[in-house]
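Data block below; observations after.
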Amino acid sequence: MASVNADAPWLSGLNDAQLSAVQHLNGPLLVLSGAGTGKTRVLTSRLAHLLATGTAKPWNILAVTFTNKAAREMKDRVAAMIGPAVEQVWFGTFHALAAKILRRHAELVGLKPNFTILDTDDQLRLLKQLMEASGLDPKRFPPRMMLATISRWKDKGLSPDRVSPIEQAELAEGSGADLYHQYQDRLKALNACDFGDLLLHNLTIFNAHPDVLAQYHDRITHLMVDEYQDTNTAQYLWIRLLAQKHQNICCVGDDDQSIYGWRGAEIANMLKFEEVYPNAAVIRLEQNYRSTGHILEAASSLIARNESRLGKTLYTSIEKGEKLTVSGFWDGGSEARDTADKIESMVRHKEADYSDIAVLVRAGYQTREFEERFIQIGLPYRVVGAKFYERLEIRDAIAYLRVIAQPADDLALERIINTPRRGIGAATIQTIHQLARARDLPMLAAAEVLITTDELKAAARKKLTELINMFIQWRVDAETLSHTELAMKVLDESGYTEMWMAQKTPEAEGRLENLKELVSAMEGFENLEGFLEHISLVMDGDNKANEGEVTLMTLHAAKGLEFDVVFLPGWEDGIFPSQRTLDEKGSAGLEEERRLAYVGITRAKRKLYLSYASSRRVHGLWQSAVPSRFLLELPKDNIEEDLEQGMINATNARPSTDFALLQPTAASGYGPGWRRLQERQQSGYQPARAPAEGQSGLSGISDFDTGDRVFHQKFGNGNIRSVEGDKLNIAFDKAGMKKVVASFVELVRKGG
Ligand code: ATP
Ligand code: MG
């Protein structure tokens, strides 16, 4: 071990407990402590120390962070300490690291290295198709819930053959037992996987191929995990396998900040650390370096109400600071107005910059009211989250790029095959599906066969040929053009940009702006594959931080971050704690919500504002609300109240006549066009199965010979004049000479 000066920059300023964690370089180590005690800082310093002491080379270290943003930040900090060697460290989220490993060994689980990573939307569409084919009623068994069950199995590390019969019964009361299998098969056929698969496939590979796991043991000698309290079982198993040989594993976490139980996180993973890794050192940090006294006291006494927790003491040497401000409002609108006013006033008085301020909400839809107000008064803000990539125009544009990168990506092709409208209608798409199914081809390949025949109407054939030729050309372009040039070319040549330009509405303007933004976002990546990988992995909280903007995001996404000034609006029972969590998970749910409140409060360094409204429009309906029980749980000594005039006696603030005027607004913000698109995409697709009725016996191409009498669904009876591989030239009795695909005809009588 190289000797390291005790005043090395990454060690200076650390307290004794932190220092002992940083200097514990080998063997299992758990750092368990409250918010703002420097856990993440310990990880970063320890990484530098591992390298500086020569204990590990950069490529020997794997560091898992909660968001890609956190990975980037940690990388930047370590880079400042050790320079360019940082590039070789394995930084990333569980998903990003697992994706990197999976690309190298994709064929071991039946995928190609360029597999697509599907988002929830694609997953749902796929599952709906499978359910439809299995005759499962989506009203009785909501696909979203079915998907949640499958995802939960994946989070537990259960591949289809490892789901127990009892668990199987959870899926559509047992009638969907096969659905998970079908879903996985279909993903494979599409050369795709979903988020859960990234880890699950890694586990399958490591378990079935000890030689592959051994490669990683040779390479990765030291592992570090931030936010360990939120790992799910699959992630826990993944870490355990990778750390198996060297046992040099350092995890940091806080049981009070476990907020992803609903996504399968298991606090138990952290609590049994010492069992799983014997001889583990456990270090607790107690000094909070982030928040003022009032903020820390309020947070500590709130979380003390949870029964299932390890319990810890926290102190801060920062001054007491200002009390927390709790405000009550008539409605959400005045809450948003007041928040904006407070922000403007702080900035005007140079008490804070926009970028020091965050508004954190319980649920994504709650940002809208603030956004509207901020836009109105020109207050600069950014919404952190995956929202950008969820926008219709962005998803369309990405679908084009996906088909170029991965021609078997049927879900992407379906999305844009007729967007913009190019005369490739439902009937044509149906025919493509039919052939794709019969011949087990990707849709694009099936379409390529069809355009050499008379199966499609002349006009549709022409349009489809044009589209296919464009894709062929773009794929050639991809070899020579940069990925951003390619994107611009594709958006123009496909007619996509033109489609929005033709609309001349403010909304269309916005979409065009977003498309430009997309191209500039791509600039940050080396190539198309890198970009596509990124967008399929981005999670909440991943956007680049901009200077001079207020941050709007969910509490979940704010984990690990800190801001001088934090606003926590919408503290009303039912919203926060969320009614749904209470209904579904009872007191365990309440405790998870309380941990989320604790996360929210502890994001603030200097000043915290909490608020509630006594009436609020939720999904288009006015609801009256009572202040969150969490507000009542805050110690009086730490808060000051600031209520709107007459607030306390306010009950139903809105007259009932208002109700009739209110139209439900979709929380997602997508207009009717979006829904139409979804409906269109859902229709007319039957997943690969046995040939449909009336098409049996169509399997073999060689079944047909010149002279055979055959039946074709569209053209009727006819005689085969010649056979060209999988295509037949047939003289039809009524339709005349046609070239058709062999799969589409049925033998009537052998000729000769
Ligand atoms: P969370 O639980 O919210 O993730 P954490 O335990 O990871 O918090 P950090 O984010 O690492 O805490 O640290 C909180 C703040 O305290 C950061 O601004 C960090 O730079 C600062 N900090 C940590 N340790 C020290 C120290 N020894 N001296 C001064 N500042 C410190
Ligand atoms: Mg942290």
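The values are calculated or read from the model by the stated rules, or taken from the named source; none is laboratory data. Just so you know, these numbers come straight off a predicted model, no measurement behind them. Please note: Cβ atoms are built from the backbone with ideal geometry, for glycine as well, and neighbour counts cover all protein chains shown. Accessible surface areas use protein heavy atoms only, side chains included; no ligands, DNA or RNA. Shrake-Rupley method; radii C 1.70, N 1.55, O 1.52, S 1.80 Å.
Taking other residues whose beta carbon is less than 13 angstrom from the beta carbon of Glu344, and scoring Lys, Arg as +1 and Asp, Glu as -1, yields +1. In order along region 45-58, the Karplus-derived 3J(HN,Hα) couplings, from 6.51 cos²θ - 1.76 cosθ + 1.60 at θ = phi - 60°, round to 5, 5, 4, 4, 5, 4, 6, 5, 7, x, 5, 9, 8, x Hz, and Gly and Pro are given as x.
Given R0 = 45 Å, the distance between the Cβ atoms of Ser301 and Ser175 translates into a calculated FRET efficiency of 0.35. With a Förster radius of 60 Å applied to the beta-carbon distance between Asn719 and Lys245, the computed FRET efficiency rounds to 0.30. The stretch between Ala85 and Phe525 holds 156.4 nm of extra length on full extension. This uses 0.36 nm per residue minus the Cα-Cα distance. Compactness ratio for the chain: Cα radius of gyration over 2.2 N^0.38 Å (N = residue count) comes to 1.07.
The amide H of Arg721, built 1.01 Å from its N in the peptide plane, has Gly707, Asn729, Ile730, Ala731 as neighbours under 5 Å, considering only residues 5 or more places off or on other chains. Simple rule: put +1 on each Lys or Arg Cβ and -1 on each Asp or Glu Cβ in the chain, find the dipole, and look at Pro420, Leu241, Leu223; the Cα lying farthest toward the positive end is Pro420. Basic side chains Lys and Arg get +1 at the Cβ, acidic Asp and Glu get -1 at the Cβ, and with that the dipole of region 159-201 about its Cα centre reaches some 180 debye.
As a length-normalised measure over Cα pairs under 8 Å and 6 or more apart, the relative contact order of the chain settles at 16 percent. Would you list which lysines come within 17 Å of Lys462, measuring only between C-alpha atoms, while excluding same-chain residues fewer than 8 positions from it? Within the straight-line cut-off, Lys462 pairs with Lys738, Lys739.
Protection proxy ranking for 580-588, 250-258, using the average of other Cβ atoms within 10 Å per residue and placing the highest first: 250-258, 580-588. For the set Lys312, Lys245, solvent exposure ranked by accessible area (probe 1.4 Å, protein chains only) runs largest to smallest as Lys245, Lys312. With kT/(6 pi eta Rh) evaluated at 20 °C and eta = 1.002 mPa s, and Rh the Kirkwood radius from Cα pairs, region 129-241 diffuses with a coefficient of 138 µm²/s according to Stokes-Einstein. Where only DSSP H runs of four or more residues are counted, the chain gives -13500 deg cm²/dmol as its mean residue ellipticity at 222 nm, each run worth -39500 (n - 2.57). Around Leu512, under 13 Å between beta carbons, what's the net of Lys plus Arg minus Asp minus Glu among the other residues? Charge balance in the 13 Å sphere: -4.
In this view, the solvent-accessible surface of Lys516, computed with a 1.4 Å probe and all protein chains in place, comes to about 130 Å². Computed on protein heavy atoms with a 1.4 Å probe, the accessible areas place Thr65, Thr505 in the order Thr505, Thr65, largest first. Roughly how many Å is it from the Cα centre of region 114-160 to that of region 357-427, as a whole number? Measuring centre to centre over Cα atoms gives 21 Å.
Take every DSSP beta bridge whose two residues both sit in the chain; close to 35 percent of them are antiparallel. Taking the Cα atoms of region 249-295, the ratio Rg/Rh between the radius of gyration and the Kirkwood radius comes to 1.05. Summing Lys and Arg as +1 and Asp and Glu as -1 over all other residues whose Cβ lies under 13 Å from the Cβ of Val276 gives a net charge of -1.
Step through the table entries Lys154/Lys607; Lys188/Lys463; Lys75/Lys342; Lys342/Lys559, compare each Cα-Cα distance with 31 Å, and write down the pairs that go over it. Correct reply: Lys154/Lys607; Lys75/Lys342. Between Ala508 and Ala426, the contour length at 0.36 nm per residue exceeds the Cα-Cα span by 27.0 nm. With all protein chains kept in place, the per residue accessible area of the chain amounts to 43 square angstrom at a probe of 1.4 angstrom.
Extents of region 403-458, largest first, come to 29, 27, 16 Å (Cα atoms, principal axes, whole angstrom).
Computed 3J(HN,Hα) for region 167-175, one whole-Hz value per residue from the Karplus formula 6.51 cos²θ - 1.76 cosθ + 1.60 where θ = phi - 60°, is 5, 3, 4, 5, 8, 6, 6, x, 6, glycine and proline marked x. Surface composition of the chain: carbon and sulfur atoms hold 51% of the protein heavy-atom accessible area at a 1.4 Å probe. For region 228-244, the Karplus equation 6.51 cos²θ - 1.76 cosθ + 1.60, evaluated at θ = phi - 60°, returns couplings of 5, 5, 9, 7, 8, 4, 4, 5, 4, 5, 4, 4, 4, 4, 5, 8, 3 Hz by residue, with Gly and Pro reported as x. To the nearest 10, the accessible area of Leu450 is 0 Å² with a 1.4 Å probe.
Near Glu549, the amide H atoms lying under 5 Å from its own belong to Ser355; only residues 5 or more places off or on other chains count, and H is placed 1.01 Å from N.
Surface calculation, 1.4 Å probe, protein heavy atoms: Thr55 sits at approximately 40 Å² accessible.
Indicate the gyration tensor shape class of region 468-537 (rounded, prolate or oblate), computed on the Cα atoms with a ≥ b ≥ c the square roots of the eigenvalues: a/c under 1.5 is rounded; otherwise a/b larger than b/c is prolate and the rest oblate. Oblate shape, in that a/c is at least 1.5 and b/c is the bigger or equal ratio.
Annotation: peptides 20-27, 353-360, ranked by per-residue average of other Cβ atoms within 10 Å with the highest first, follow the order 353-360, 20-27. Each Lys and Arg Cβ is given +1 and each Asp and Glu Cβ -1; about its Cα centre, region 300-417 then shows a dipole of about 420 debye.
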